[in-house]
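Got a structure here, written out as structure tokens. Questions coming.
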Amino acid sequence: MTEPQVTTLQNGLRIVSVDMPGLETAAVGVWVDAGARRESARLNGISHLLEHMAFKGTKRRSALAIVEQIETVGGHLNAYTSRECTAYVARVLKEDVPLAIDILADIVQHATMPEDELKRERDVVMQEIAQVHDTPDDLVFDLFQDTAFPDQPLGRSILGTPDSVGGFSRDILIDYMAKHYSASRMVVAAAGRVDHDVLVQLCGEAFEALPQRSNSEFEPAAYRGGDTRRDQPLEQVHLVLGFNGVAYHDPEYYAQQVLSTTLGGGMSSRLFQEVREKRGLAYSVYSFAASYLDGGLFGIYAGAGADHTRELVPVICGEVVKIAHSVSNDELDRARAQLKASLLMSLESPSARCEQLSRHMLIFGRPIPAREIIERIDAVDADALTRSARRLIEGERPTVTALGPVAGVEPYEKIAARLA
């Protein structure tokens, strides 16, 4: 596999690609530095709705023509919105990369936002919002985010609310796109069978209508933590216990990734073994470490029957406290091996490689070589891991969210005391 190549056009658009010889396909996409945390309360959900509307017609193509053209060559289009970016991605045969670039450039520069399509997509997003509220293991994470980062963009739902989404007009969408979709805040990434020089030429022609710069400020993350519980007639209690995490640039970023893997990242992890295998308290239990440009969250999710909840929470807290004091070399070796294998396996997928390149460019301004990431993972020793765990429990107050028959979940202050 060749090394990634990076080119910045005169208008500020960054193009990154890696050629993967032997493949017949390519993944190519546009990543925009504009996600849910760029939104005010009034505009909550607009990034996600805009992602939907970009496919609903341009000055050159109808909504049907967009999907017909890509599917005629056997390709497919996808998109997603996160808290920090919006992505539009195509997967095509190698000879169809020019078509993919043309369509992607068209929808992010020339979307027309027809009123009839807007009405339909507002209704579709309303159904998405309703679906989350009917899916407790999704809803509990929205509650967790809001409790950790209350009254700020980073804590709000990516989908928005029925009230906010219902208020978005065509003019508001077009204004938001003009404000945030600029060349300096976009990355075009490609992986698979691609020629970088050809890609640069295609992008130089296709993205010439982009404005060069736009405002890139956002409200800083302000973790607060706290307690949110909703008593609902469900079969299980869905619980998330979490802490103030670290940003991408934090020196302890890799230590926290290794910590998460050791604590609850696989079937050999401490939480899985203690909670599920030894005690049978929960079918699903895992930990996660989510980072942002200026903050992060570390959390543990468990779904358990109401009769197991009283025992479950103390066990989870106990495992968190234990790992802050000691970790075995075998555990550490296993966790590092899992992370390195996951990284190297992802390099064999054009889609995953494309995603990785784009994220590196948006976050770090350069593609980070796999060998550098592996060195940083290997540098996490037992002291670094336990220090990272102590940082969690000795920092700001924890975040607790619970959904379902929550009567058996201990009071917040008792949970916090267990973590002291």
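Give me the Debye-computed log₁₀ of I(q)/I(0) at q = 0.07, 0.13 Å⁻¹ for the range 5-206, equal point scatterers on Cα only, no solvent, two decimals.
Taking Cα atoms of the range 5-206 as identical point scatterers yields -0.22, -0.74.
With a 10 Å radius around each residue's Cβ, average the other Cβ atoms per peptide and rank 181-189, 67-75, highest first. Don't jump to the answer; show the numbers that get you there.
Values: 181-189: 23.7, 67-75: 14.3.
Ranked by mean Cβ neighbours within 10 Å, highest first: 181-189, 67-75.
Moving on. Using the alpha-carbon centroid of each, what span in Å lies between the range 1-46 and the range 53-81?
18 Å
Go ahead and collect, in residue order, the members of the range 333-376 whose backbone nitrogen is under 13 Å from a label point 7 Å along the Cα-Cβ direction of L23.
345-358, by backbone N distance to the label point.
Could you tell me what percent of the DSSP beta bridges with both partners in the chain are antiparallel, to the nearest 5? Please report the intermediate quantities before stating the final value.
Details: 49 of 61 bridges.
That works out to approximately 80 percent antiparallel.
Dipole size in debye (nearest 20) for the chain around its Cα centre, Lys and Arg Cβ +1, Asp and Glu Cβ -1?
Roughly 540 debye, rounded to the nearest 20.
Taking the Cα centre of the chain as the origin and placing charges on Cβ (Lys, Arg +1; Asp, Glu -1), which of L99, H249, S326 is farthest toward the positive end of the dipole?
Of L99, H249, S326, it is S326.
Can you give me the long-range amide H partners of M113? Hydrogens built in the peptide plane at 1.01 Å from N, cutoff under 5 Å, separation of 5 or more residues or another chain.
Hits under the 5 Å cutoff: none.
Next up: Taking a point 7 angstrom from the Cα of A247 along the C-beta vector, which residues in the range 121-154 have backbone N less than 17 Å away?
149, 153-154, by backbone N distance to the label point.
Taking Cα atoms, how many degrees apart are the long axis of helix 170-180 and the longest axis of the chain, rounded to 10 and kept between 0 and 90?
Computed tilt is about 80 degrees.
Please give the calculated 222 nm ellipticity per residue for the chain, where each DSSP H segment of at least 4 residues contributes -39500 (n - 2.57) and the sum is spread over every residue; nearest 500 deg cm²/dmol?
That calculation yields -13000 deg cm²/dmol at 222 nm.
Would you work out the charge dipole size for the range 226-418 about its Cα centre, treating the Cβ of every Lys and Arg as +1 and the Cβ of every Asp and Glu as -1, and quote it to the nearest 20 debye?
Taking the Cα centre of the range 226-418 as origin, the dipole is about 80 debye.
GluC sites (Glu not before Pro) within the range 297-381: which are DSSP loop residues with at most 12 other Cβ atoms inside 10 Å?
Loop-located and lightly packed - E348.
Output the Cα-based Rg and Dmax of the chain in Å, rounding Rg to one decimal and Dmax to a whole number.
22.6, 63
Right, something else. Could you state the per residue volume, in Å³, of the convex hull enclosing the Cα atoms of the range 280-420? Spell out each step's value before the answer.
Working: hull volume 20.7 nm³, N = 141.
Convex hull volume per residue, Cα atoms: 147 Å³.
Just name one of I415, S182, T401: the one whose Cα is farthest towards the positive end of the charge dipole of the chain (beta-carbon charges, Lys/Arg +1, Asp/Glu -1).
I415
If you fit an axis through the alpha-carbon atoms of helix 136-148 and take the longest principal axis of the Cα set of the chain, what angle between them do you get, 0 to 90°, nearest 10?
Orientation of helix 136-148: about 90 degrees from the principal axis.
Only the coordinates and a few stated rules stand behind these numbers; no lab work does. What you are looking at is a predicted structure, and each value in this text was computed from that prediction instead of being measured. In this analysis, Cβ positions are derived from the backbone assuming ideal geometry, glycine residues included, and neighbour counts consider all displayed protein chains.
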